């Protein structure tokens, strides 16, 4: 019965649950969400695709002609690519609602403006 | 373990899919009436080939692989991994990094033990306590999110130190969280020790005598709840544990109740460690840069994970990928002791005794083959496996 | 230089810089290498593992090397905001003499202790959170170590000038990556400053944390091993005895516990690092603030402030009473000495390059690039006429001006050469700093400008292409050319200096 | 057809008969879930209807439309009949308990015994349900349910007898009337009996700490493991009706049942009282851990049976009459 008091108190208090899909929780600074590439800064060194532990990043082409393909369905948001990128071309955003039914929609392509 | 009994012995499977086991693992119990007379653990159900995967990835990528051996003690695995690789490289993490590692490891211990107390409450049908403990555990999870950017896979460790600093403005936040948790944990400790229904279900259940515990190589809180003082943090200090004073919590009840109490008190001790570490954290470097390739050699590294002693073994051949990697997770060490505890228990006690070792089967499962008819065990080589797959 | 670049920059770095021995061990490549393949260990650069395993294409280590030709013009854009540019001074806002107010500080430091005072103030005021600089070892006073200072007291002992290479740029990388610092002041020699500026123009992420670049004036660095060996052989000086080596008037003075030995500059020049022998930058032209010794004044330093950031931080230190300043205008000797050394450095470097070219040895890519404009720059120059780029308002002197007066004028305005006009405004020649230096100091008050002017006068016409004027300057190895009227060659219309050429070449570049 | 017959049919089908009772069952499931959730700092049902009040109905309808799987080895007839009985039995009992007025729809001297009988039958149904599914978990669950019945059946019967002795009648409606006419609630006269009744009701409804026959972490869903689709829907309905029955019985026997207070119709007071009882059940199930079956049975016999007997003796001695 030692929980009775707390139980009675809780009965008249607001629940702590967040009504998630309707009420989104703000994420803190430095949250590791979906990474995005800034192709104006990218030099196409291919390091991000090489260090990626889950093979979520694919680089098509070489050097300054390259394109980046990012498969979010494989990404595990470790942010090693951000850490390895020598030029701040990759940033972690605060996007976290990335689940879906269609894998083909989880491919983000980054092309260079010519 | 197999005992032949005549009479109405029925076999009750536990898992691989079972509400008491949140992870797939198979236990076959022989039940005589309501009493367990035989336990047959069949590990390997969830073998993920992680050790082989280690050999295919670079040392840098393996940090994140090590992190995903276990979702709950992810930091313990990376600490152990990075320590092993640091040993091979001959570098040492800077002091501040080691303090940060301690803080993260202890936060993780709080979160892991808190999670476990909730699970234990759930196993004995006390869902309200389960909800309360998990609600308060959110404090730690939020701290993790602020500190590392993720609630579960903190990715704080890297070879040669830690990836993120603990900035001065988050220190009061952590301390505030610790004050709150301390209050709550003391309350839960009080509840656990005074609530009659909990005492009924846990005291005198799943007895593991100190002698058995040592003989069967139990580790972690399971061992300490049997009154044996054993803790890698003290016996073989790593990170900054040699500079931080703390007590090794033991309890000699040898039953599930003392396992709960040991874990609760360990959480309180962790809070003290975190406070001390925050106050005494030195300024300076948080990491050293290391090359991608690791000189040849082999090493073993030990860490006190929330569940007990965690051992990683690494062998390097001078390239950027390890030649062999081996993980001995604490749950594996506790399985023989678990079988001992379960003998003679009631069916109703199985979940709570099973949960009593805080099992993490996903990080435990290894590749062995057992023919349960002849009791023959063997391990397949890579060639044999390949041949099998070709067929 | 090398036509096509290799996809893996290390191959270029090895071929053009490490193998010919131009590396000055600043460690910029180690700091910049994203996979930590390079490592500075002692006086060698180690290549730890094959980076092409991890990278498809990487220009970094070659691009950021201070001896490579890459990004040279881009680096200029950091200082070109400054209103003035003079040869051997670079772009600048202010030139002045300064010293630390604290006499203790002056005693421990070289010169006026300005850098130490400045950085202490910036850390205290929170402009920067750490300082990356060189520091001497107590056991081996000549050997420099890069150091990362976090608290003001650390800086007190940190900043030091010396003659040995120090991997400061590597230390800068460590400060960012290992210490996690975000506001860093960097102190280094001209080549290290250049390395940092190259990192900055490359937009490497570690320079997001760079707040202030302080450059030391540097003649060159020694390979300490060779220097000690030769000192021991020729003068029987043990390295452990040496407490200090100071350059005084083209002589190195080796201070030992009991005695001092004077060694002529040419004797020890053999032992300088490969990259230093062709380096032409004395005053760290790309730094936010350049600081150098104010010989012959003891306890004063000459300070060149080039950028807004530098000016702000320096003024703050002056306002806080940590630094006291004095105008340079009344100290022509100090100025003369500095310019003289700078010219000496440039001259010897040019000689060295000639020698190297003659013997078929490779020349550092950066020098090659500086001496030979790119085709597109040449076409830009040829598309412009002299009139379009020349400076029309020329400071002139009368033939009766004595050299001492002239030096005073130079100290005030920092121009290095002055056309001589007679009373009828007829051009009779030009007198430059080099010409004055040929006259011994004690006779300078008596000698008149017209007496030392060279026989030959290099001129160009306003309607000529700028390229022609430029080629004339290059061929005659002069820094300025006078523009005269085609009809009346005695009528001075303007002047083109190297500064004007630089301004023209870099005008498409815009500071970000 | 006379108007009277029509009225009786209407009473049986709509109010206070089947339809009303179903509605009440769903309402009380919602109250129970909501209160339990609030105690546990959760929201509980939220989106179906205002504050999720229609959630139990939605669950029921959804289950009706789901696939109905019968295990191959199961005894098909028993397996199909068990859920039907499980839903019908509490409904039958509820016709005996006064809901809308002091008099129940069906009343006869000795209907209290009938209610006891149906509650025993329900446990039998549970056992049969567990037995007929031939699953190991179901079997253990069914055996546990039967074993548990041995524990609580005696004290609950004794606790029911208490008010009957006091009222001098074995009819629930008469007990209610006796309480209202003598203007005293039995709960004040026989608090021990009330407590015993509450505890045993928890056991009857398989609420924590007595949810042993369907202990999720031990034997999956116990005797209900193999049921799905319509059968599971019926089981859930039966469970909800059982909650209504238990609270209605408690209200009738100890809290004076439906009572006309000033202008408030008796059905409203009935609902207020039963809702209070449901709230109490929810609170109690939230603050305990589950007992083990041996502990439960021995505890019942050690403590509750003597207490219940003590209460009966006290009544016989004239205390609480």
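The values are calculated or read from the model by the stated rules, or taken from the named source; none is laboratory data. Fair warning: this is a prediction, and the values are worked out from it, not measured in the lab. Here the Cβ is made from the backbone with ideal geometry for all residues, glycine too, and neighbour counts use every protein chain on show.
Table for the structure above
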quantity	calculated
Members of the stretch B:166-196 found to be within 12 Å of chain D (Cβ to nearest Cβ) and either in contact with a helix residue (DSSP H, G or I) (Cβ under 8 Å, 6 or more places away or on another chain) or crowded, with 20+ Cβ neighbours inside 10 Å (or both), listed by number	B:191, B:192, B:195
Answer residue from the stretch C:131-180, given it is surrounded by fewer than 24 Cβ atoms within 10 Å (Cβ to Cβ) and at pLDDT 75 or above and is nearest to residue C:257 (Cα to Cα) among those	C:174
Residues satisfying the stated conditions in the stretch B:131-143, i.e. in contact with a helix residue (DSSP H, G or I) (Cβ under 7 Å, 6 or more places away or on another chain), more than 14 Å from chain D (Cβ to nearest Cβ) and surrounded by fewer than 23 Cβ atoms within 10 Å (Cβ to Cβ)	B:141
Test result for residue B:201, within 14 Å of chain D (Cβ to nearest Cβ) and either crowded, with 20+ Cβ neighbours inside 10 Å or assigned to a helix (DSSP H, G or I) (or both)	yes
Wholly within the stretch D:180-245, helices (runs of 4 or more DSSP H) carrying at least 3 residues that are away from chain B (no Cβ under 14 Å) and surrounded by fewer than 24 Cβ atoms within 10 Å (Cβ to Cβ)	D:186-189, D:191-204
Filter result (within 13 Å of another protein chain (Cβ to nearest Cβ) and either on the phi > 0 side of the Ramachandran plot or touching a residue at least 24 places away in the same chain (Cβ under 8 Å) (or both)) within the stretch B:106-119	B:117, B:119
Among residues of the stretch C:446-472, those that are crowded, with 16+ Cβ neighbours inside 10 Å and either closer than 27 Å to residue C:405 by Cβ or not assigned by TED's automatic domain parsing to the domain that holds residue C:378 (or both), counted	8
Unmet criterion (only one of (1) outside any helix (DSSP H, G or I); (2) farther than 19 Å from residue B:302 by Cβ; (3) more than 14 Å from chain D (Cβ to nearest Cβ)) for residue B:103	(1)
Members of the stretch A:60-78 that are within 7 Å of another protein chain (Cβ to nearest Cβ) and closer than 21 Å to residue C:203 by Cα	A:62, A:63
Of all residues in the stretch B:144-165 being in contact with a strand residue (DSSP E or B) (Cβ under 8 Å, 6 or more places away or on another chain) and in contact (Cβ under 8 Å) with a residue 24 or more places away in the chain, the one that is surrounded by the most Cβ atoms within 10 Å (Cβ to Cβ)	B:156
Test for residue B:348: is it away from every other protein chain (no Cβ under 14 Å) and touching a residue at least 40 places away in the same chain (Cβ under 8 Å)	no
Number of the condition not met by residue B:85 [criteria: (1) buried (at least 17 other Cβ atoms within 10 Å of the Cβ); (2) outside any loop (DSSP other than H, G, I, E, B); (3) within 14 Å of chain A (Cβ to nearest Cβ)]	(3)
Residue within the stretch B:51-60 that is more than 14 Å from chain D (Cβ to nearest Cβ) and not in a helix (DSSP H, G or I) present	yes
Among residues of the stretch C:163-194, those that are away from chain B (no Cβ under 12 Å) and outside any loop (DSSP other than H, G, I, E, B), counted	13
Any hit, the stretch C:235-246, residues being modelled with pLDDT under 80, in contact with a helix residue (DSSP H, G or I) (Cβ under 9 Å, 6 or more places away or on another chain) and in a helix (DSSP H, G or I)	yes
Residue satisfying all of: in the stretch B:33-48; part of a strand (DSSP E or B) and surrounded by 16 or more Cβ atoms within 10 Å (Cβ to Cβ); nearest to the other protein chains (Cβ to nearest Cβ) among these	B:36
Positions within the stretch C:253-279 being free of Cβ contacts under 8 Å to residues at least 60 places away in the same chain, surrounded by 19 or more Cβ atoms within 10 Å (Cβ to Cβ) and either over 20 Å from the mean Cα position of the chain (by Cα) or part of a helix (DSSP H, G or I) (or both), in sequence order	C:254, C:268, C:271
Failed condition for residue B:20, given (1) away from chain A (no Cβ under 14 Å); (2) surrounded by 15 or more Cβ atoms within 10 Å (Cβ to Cβ); (3) farther than 16 Å from residue B:348 by Cβ; (4) under 21 Å from the mean Cα position of the chain (by Cα)	(3)
Test: residue in the stretch C:46-54 that is in contact (Cβ under 8 Å) with a residue 24 or more places away in the chain and away from chain A (no Cβ under 14 Å)	yes
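Matching residues to (1) outside any loop (DSSP other than H, G, I, E, B); (2) in contact (Cβ under 8 Å) with a residue 12 or more places away in the chain:
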| residue | (1), (2) |
| --- | --- |
| B:228 | no, yes |
| B:237 | no, no |
| B:270 | yes, yes |
| B:278 | yes, yes |
